[in-house]
Structures are given as structure tokens and as C-alpha cells.
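Data block below; observations after.
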Amino acid sequence: MSFNIDNITRENVKGLRPYSSARDEYVSDGSEMVFLDANENPYENGVNRYPDPQQRNLKGILADQKGVGTDNILLGNGSDEVLDLLFRAFCEPNRDNIVTLPPTYGMYKVLAGINNISNREVLLTADFQPDVDAILKAIDGQTRILFLCSPNNPTGNSFSADGIAELLKNFQGLVVIDEAYIDFSEKTSWATELSNFPNLIVTQTLSKAYGMAGIRLGICLASPQIITILNKIKPPYNINELTQQRALERVSDKGRVQKEVSAILKERANLIAALEEVDFVGAVYPTDANFVLVKVDHATDRYNQLLGKGIVVRNRTTQPRCGNTLRFTIGTPEENNKLIKVLKSLEHIG
Ligand SMILES: *Cc1c(COP(=O)(O)O)cnc(C)c1O
């Protein structure tokens with residue numbers, strides 16, 4: 001049996017036609033037009049008009065940069081909206097299921113709950129890799145989406161390409177590879193493999209390396225077939241005008257993004273070296289992201305000590321396979337130096 005999008009699309013979604021907005025219904029030939037179609041206030045202030053519902057300018061640049069077509073792209077109000085659209089298009093509430101691989105990003109489970117989809121959890125192996133055999137066993141005829149996060153949050157490592165390829169080939173539902181941290185990694189994006197795997201969906205975001213968490217822009221890369229279905233159910237104006245403008249400016253200035261990423265990677269190496277010198281640090285896990293997971297002696301006590309010194313980190317101790325771990329985001333050199341200085345000064349516990 002091979003992948004067939006019709007087998008996994010919700011019946012109600014198959015019959016939908018996208019909301020047709022005023023600006024969707026005519027094609028500009030470049031001539032000056034008078035817009036009396038959308039009940040906007042006609043006085044110009046930069047945002048008095050509805051935004052482009054298909055974000056054509058932004059998608060044009062992103063398509064060039066990522067080596068895909070504009071029909072391979074859907075943009076969301078953060079990747080969280082993209083993920084939610086996937087549930088609403090492909091998972092029938094109270095019937096279908098998804099598979100996730102803890103310890104991982106918490107939103108897959110939250111969205112499964114919101115959409116009333118059961119979440120089958122298959123733990124990562126001890127070295128934080130997908131357990132391919134166990135995943136294939138957990139999958140059944142109602143499994144619609146397998147979520148892979150690579151580089152994975154909170155562990156930081158990338159998943160083996162062979163393991164991912166095996167899952168793509170042997171699962172007849174959608175494989176979502178969440179690449180929120182791909183710009184910090186030396187690995188190539190799975191977006192280059194879209195034409196080889198019809199069931200592949202890659203999500204990316206401007207929230208991390210691009211430094212734009214505040215504007216909320218998530219990117220979904222998939223086959224035109226999948227994108228067409230998502231376009232049927234997305235809110236027509238989900239990417240507001242200010243977000244489109246700021247995102248365009250930023251992605252057009254890739255040199256600046258790359259400089260910041262290089263600085264963060266250099267700091268990451270420094271921070272890892274310094275963490276290995278801290279006496280209560282038991283392990284610093286390998287990372288391809290802009291954070292590092294660290295095993296300590298008493299995670300919750302260390303977390304509270306750091307809070308007392310004005311430093312907020314992420315305590316991951318309750319996550320499976322993450323007992324007594326803290327996750328540190330790479331900050332500026334000043335922030336990282338403060339973290340190290342404070343860590344080295346903390347009182348002994350126990
Ligand atoms: C931060 C993060 C995101 C980003 O979500 P946005 O909604 O785009 O801000 C997505 N996936 C993972 C794994 C993340 O850590």
C-alpha cells in the first residue's frame with residue numbers, strides 16, 4: 001500500500017472550498033485600482049487594508065531561499081497554528097490517533113488534547129533517537145500523523161537520517177519533521193526531500209534563529225496536494241500585515257541572521273566548555289540547537305537557586321529520560337558569563 005492523501009483527509013474537509021476573500025477574486029494587472037470591495041477605511045495609515053491572504057511576496061523569497069516552490073509553502077500564525085491546522089485537516093476527533101516521541105516539544109500533545117485525538121507515546125531511546133521498531137508497532141490504521149522533532153527540544157540532538165527515512169517509507173500517514181532549530185544545525189533540512197516523500201511535512205519558524213518570536217510566523221513545507229488542503233481550512237487573514245512586513249525585511253537580510261547564528265554557535269561552544277567545569281554538572285548532552293540540556297545533581301533545587309539569583313532556565317526534570325536536567329538557552333556573552341559565574345557560586349546541596 002502506498003501513501004494516498006484521500007485515505008487520511010477528514011471527510012468534511014474534502015468537500016470544503018476555501019473562503020474566498022475580496023482580494024482573492026481578482027487578479028491585478030498592475031494598473032491602479034479603486035478598492036471599494038472590503039468595507040475598509042479608505043484613509044491610508046499603512047495597515048488600513050486587509051493583508052494579502054496568500055502572502056505572495058514573503059512566500060516568493062522563502063521559496064527561493066529554501067529551494068521549493070511557492071505552492072510547497074503554507075504560512076501560519078507561528079508553527080503552533082500550522083500544527084493545529086494539520087490536526088483539523090487530517091485527524092478525525094474521537095477516532096484517529098497520532099504518535100509522538102517523548103521527551104519532546106509539548107505542543108503536539110496539547111493540540112492532540114484540544115482536538116480530541118489520542119496521543120500514542122513511544123519513548124526515545126537512551127541516546128534520544130527514535131525507536132523505529134517500537135514506533136512501527138505503535139502505528140495502526142487510525143494513526144494519521146507521526147511527529148518527529150529534529151533537532152529535538154528539549155534534548156538538542158538531531159535524529160538519524162536513516163531512522164527518519166525508514167519511518168517515512170514504512171508509515172502510510174503523515175510524518176511531520178519539526179525543524180524549529182534547523183538553522184543552528186549543520187544538517188540539511190528535510191525540505192530538500194519533499195519530492196521523494198509524498199507524506200513528508202517539514203515545519204520551520206521565524207521564532208528562533210530569525211529572532212522574531214514576537215511576530216508569530218511559522219512555515220509549513222509540503223507537497224502542493226497537502227498545502228491545498230491546509231489552504232482550505234486556514235483563516236483567510238492568518239498572517240497580519242505587520243508580520244508580513246517585518247518578516248520580509250528580516251528574511252531579505254539573511255547576512256544579519258547568519259551573523260547572529262554564528263555568534264550564538266560560538267557562545268554555545270564556550271558555554272558547553274564552561275558547564276563541563278561546574279562540579280555539580282553530571283552531563284552536557286550534544287546539541288544542534290540554541291540550547292543545551294544539562295544533567296545536574298538536584299535539578300529543582302538548582303532551578304530555584306538560579307531563580308533566586310535572577311536567572312530563569314527551564315527545569316525538565318519531570319520529562320521522561322530527563323530526570324535532574326535543566327535546559328539552558330544560549331544568551332548573549334554577558335548573559336552566559338553571568339550564568340556560569342552564578343552556577344559556580346551556588347551553595348552545595350545535600
Ligand atoms: C519554539 C518551537 C517552535 C516554535 O513555535 P512557534 O509557534 O513558531 O513560535 C516549534 N517547535 C518546536 C520544537 C519549538 O521548540
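Determine the pairs where a residue that is closer than 24 Å to ARG10 by Cα, located within the range 126-148, has a partner that is open to solvent by 60 Å² or more (accessible area, probe 1.4 Å) and modelled with pLDDT of 95 or more with Cβ atoms under 6 Å apart, the partner being 6 or more residues away or on another chain. From residues that are closer than 24 Å to ARG10 by Cα, the pairs are LEU136/ASN170; ALA138/ARG120.
For the range 249-264, the criterion of being without any contact (Cβ under 8 Å) to a residue 40 or more places away in the chain, closer than 14 Å to ASN57 by Cβ and part of a helix (DSSP H, G or I) is met by at least one residue. Taking the listed residues ILE73, ILE139, ILE98, the one that is away from the ligand (no atom under 16 Å from the Cβ) and out of contact with any Pro (no Cβ under 6 Å at 6 or more places or on another chain) is ILE139, with no other qualifying. Can you name the residue in the range 60-101 that is polar (S, T, N, Q) and under 30 Å from ASP133 (Cβ atoms) and, of all such residues, is most open to solvent (accessible area, probe 1.4 Å)? The selected residue is ASN94. Taking GLY67, is it within 16 Å of the ligand (Cβ to nearest atom) and on the phi > 0 side of the Ramachandran plot? Criteria not met by GLY67.
Restricting attention to the range 265-296, the residues that are open to solvent by less than 40 Å² (accessible area, probe 1.4 Å), over 27 Å from ASN77 (Cβ atoms) and part of a loop (DSSP other than H, G, I, E, B) total 3.
Taking the range 86-121 as the range and being under 24 Å from ASN315 (Cβ atoms), not aromatic (Phe, Trp, Tyr) and not in a helix (DSSP H, G or I) as the test, the residues that pass are THR100, LEU101, PRO102, PRO103, THR104, GLY106, ASN119, GLU121. In the range 241-259, which residues are surrounded by 15 or more Cβ atoms within 10 Å (Cβ to Cβ) and within 17 Å of ASN77 (Cα to Cα)? The answer is GLU241, THR243, GLN244, GLN245, ARG246, ALA247, LEU248, ARG250, VAL251. Only one entry in TYR43, TYR50 is away from the ligand (no atom under 16 Å from the Cβ) and under 14 Å from PRO236 (Cβ atoms), namely TYR50.
The values are calculated or read from the model by the stated rules, or taken from the named source; none is laboratory data. All of these numbers come straight from a predicted model, not from anything done at the bench. Note that each Cβ is placed from the backbone with ideal geometry, even for glycine, and that neighbours are counted across all protein chains shown. Just so you know, the surface numbers come from the protein's heavy atoms only, side chains and all, with ligands and any DNA or RNA stripped out. Shrake-Rupley method; radii C 1.70, N 1.55, O 1.52, S 1.80 Å.
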